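Working notes, beginning with the structure itself.
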Amino acid sequence: MPELPEVELVKRELAPRVQGRTIEGTDLSEFVNNGHRTGRKTIIKQDIETFKEWVTGASIIKVGRRGKYIYFVLEKNNDIFHLVAHLGMSGAIFAVDNMDDIDNVNFRKHWQVVFHLDDSTLMAYCDIRRFGEMSLAGRLNDFLPFSRMAPEYTDEGSAAYFLDRVKDQKNSNKMIKAVIMDSTVIPGVGNIYASEALYAAGILPTRKCANISAKRLAGLHQEIINVFELSLSKGGSTISDYRGVSGQSGNMQNGFSIYQKKKCGQCGSEVRTKVIATRNTFYCTTCQR
Ligand SMILES: [Zn+2]
């Protein structure tokens with residue numbers, strides 16, 4: 001699943017291609033249409049006629065990111081509203097002149113929503129497993145996950161907020177790994193970067209929040225920032241399906257310290273794995289306490 005760095009990279013690449021453009025039309029795949037016909041709201045969370053009516057003729061003022069969501073600030077008839085998208089397990093957004101320009105055949109075949117822009121660019125949302133989501137929201141905070149989301153790691157108050165939330169009584173008995181994957185504590189940490197940051201901070205993923213000192217938590221917050229920044233500098237992780245806007249793969253998967261490793265690079269011990277918060281977690285019982 002794309003985590004914060006991968007979504008941030010999509011935003012950075014997409015913005016110059018689509019900002020200032022107007023959406024002239026929208027194509028929806030058979031999957032989306034069939035899903036809606038049978039009441040399943042596949043990908044698009046509004047009624048599809050309403051969705052098309054709103055976005056057609058709207059100008060893209062800005063592309064932004066919040067947590068693992070990418071959003072588009074849209075303007076139409078002097079009204080400002082937002083299209084919020086989540087890439088799900090395996091979604092990708094491409095900006096291309098022609099659908100054949102999407103090199104990866106799986107993505108090309110599994111396009112779900114295509115926006116036609118006024119300079120003939122196609123902004124295509126492709127999703128093989130169809131867990132992605134698109135919603136319209138008036139104000140950004142009308143979108144429920146945003147109304148409860150912690151500050152971004154780049155915001156000044158992030159470290160203090162993080163400490164406060166991890167030390168909140170409702171989290172005291174939970175394992176730290178599950179808590180840092182909660183966007184009300186810090187947004188954008190998924191399974192991969194949770195393992196990496198905890199390893200760098202020397203904290204066992206299974207440790208209960210109540211038993212970690214404020215000093216070590218401050219260190220963990222810094223390590224989360226470090227893994228995000230490292231991944232951004234390497235173009236993100238390409239584990240299964242993540243691709244950049246023009247189809248390129250990232251490099252971060254070659255820079256992991258613990259995720260999917262067999263032996264610890266620091267001490268040589270065998271790397272342990274355990275399912276926490278439904279996802280496989282990698283850690284070293286010698287280097288992490
Ligand atoms: Zn070790």
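Which ordering of Trp54, Trp111 is given by a fewest-first count of other beta-carbon atoms within 10 Å?
If I rank by nearby Cβ atoms, fewest first, I get Trp54, Trp111.
Please label the shape of segment 1-147 as rounded, prolate or oblate, based on the square roots a ≥ b ≥ c of the eigenvalues of the alpha-carbon gyration tensor (a/c under 1.5 means rounded; beyond that, a/b larger than b/c means prolate, else oblate). Write out the running numbers ahead of the final one.
Working: a/c = 1.16, a/b = 1.10, b/c = 1.05.
Cα axes put segment 1-147 in the rounded bin.
Give me the percent relative contact order of the chain, please, defined on Cα pairs under 8 angstrom at least 6 residues apart.
Taking the mean separation of contacting Cα pairs over the length of the chain, I get 18 percent.
Taking other Cβ within 10 Å of each residue's Cβ, how do Thr26, Thr42, Thr285 sort, fewest first?
Working: Thr26 18, Thr42 23, Thr285 14.
If I rank by nearby Cβ atoms, fewest first, I get Thr285, Thr26, Thr42.
Most exposed first by the Cβ proxy, i.e. fewest other Cβ within 10 Å, how do Met175, Met99, Met134 rank?
Met99, Met175, Met134
Suppose R0 equals 45 Å; then what is the FRET efficiency for Ile80 and Ala214 from their Cβ-Cβ distance, rounded to the nearest 0.05? List each step's numbers first, then the result.
Values: r = 41 Å, r/R0 = 0.90.
It comes out at approximately 0.65.
Between rounded, prolate and oblate, where does segment 146-289 land on the alpha carbon gyration tensor, with a ≥ b ≥ c its root eigenvalues, rounded for a/c under 1.5, else prolate if a/b exceeds b/c?
Taking the square roots of the gyration eigenvalues as a ≥ b ≥ c, segment 146-289 is oblate.
Can you tell me which of 69-80, 189-200 comes out highest on packing, and rank the rest after it, using the mean Cβ neighbours within 10 Å?
Ranking, from highest mean packing down: 189-200, 69-80.
Just subtract the alpha-carbon distance of Gln248 and Asp118 from 0.36 nm times their residue separation and send over the number in nm, one decimal.
44.3 nm
Taking 0.36 nm per residue of separation and subtracting the Cα-Cα distance, what length does fully extending Thr286 through Thr154 add? Don't jump to the answer; show the numbers that get you there.
Details: separation 132, 0.36 × 132 = 47.52 nm, distance 3.15 nm.
Going from the current span to full extension adds 44.4 nm.
Picking from Leu163, Gly91, Val114, whose Cα lies most toward the positive end of the charge dipole for segment 71-211 (charges on Cβ: Lys, Arg +1; Asp, Glu -1)?
Looking along the dipole axis, the top candidate is Leu163.
Which number comes out as Rg/Rh for segment 115-193 once both Rg and the Kirkwood Rh are worked out on C-alpha atoms?
Rg divided by Rh gives 1.10.
Rounded to whole Hz and in sequence order, give me ³J(HN,Hα) for segment 265-276 from the Karplus expression 6.51 cos²θ - 1.76 cosθ + 1.60, θ = phi - 60°, writing x for Gly and Pro.
For segment 265-276, the Karplus-derived couplings read x, 8, 10, x, 5, 5, 6, 8, 10, 7, 7, 10 Hz, x marking Gly and Pro.
With charges set only on the Cβ (+1 for Lys and Arg, -1 for Asp and Glu), what does the dipole of the chain come to about its Cα centre, in debye to the nearest 20?
Taking the Cα centre of the chain as origin, the dipole is about 1680 debye.
Across segment 146-152, in residue order, what do the Karplus-derived ³J(HN,Hα) couplings come to in whole Hz, using 6.51 cos²θ - 1.76 cosθ + 1.60 with θ = phi - 60° and x for Gly and Pro?
Couplings: 6, 5, 10, 6, 5, x, 5 Hz.
Using θ = phi - 60° and the Karplus relation 6.51 cos²θ - 1.76 cosθ + 1.60, list the HN-Hα couplings for segment 53-70 in order, rounded to whole Hz, with x at every Gly or Pro.
With the stated coefficients, segment 53-70 comes to 4, 5, 7, 5, x, 7, 9, 8, 7, 7, 10, x, 9, 9, x, 9, 9, 10 Hz.
Quick note: the coordinates plus some simple rules give every number you see, no bench work behind them. Owing to the predicted nature of the structure, the values given are computational and were not obtained by experimental measurement. Don't worry about glycine lacking a Cβ; one is built from the backbone with ideal geometry, like all the others, and counts go over all protein chains shown.
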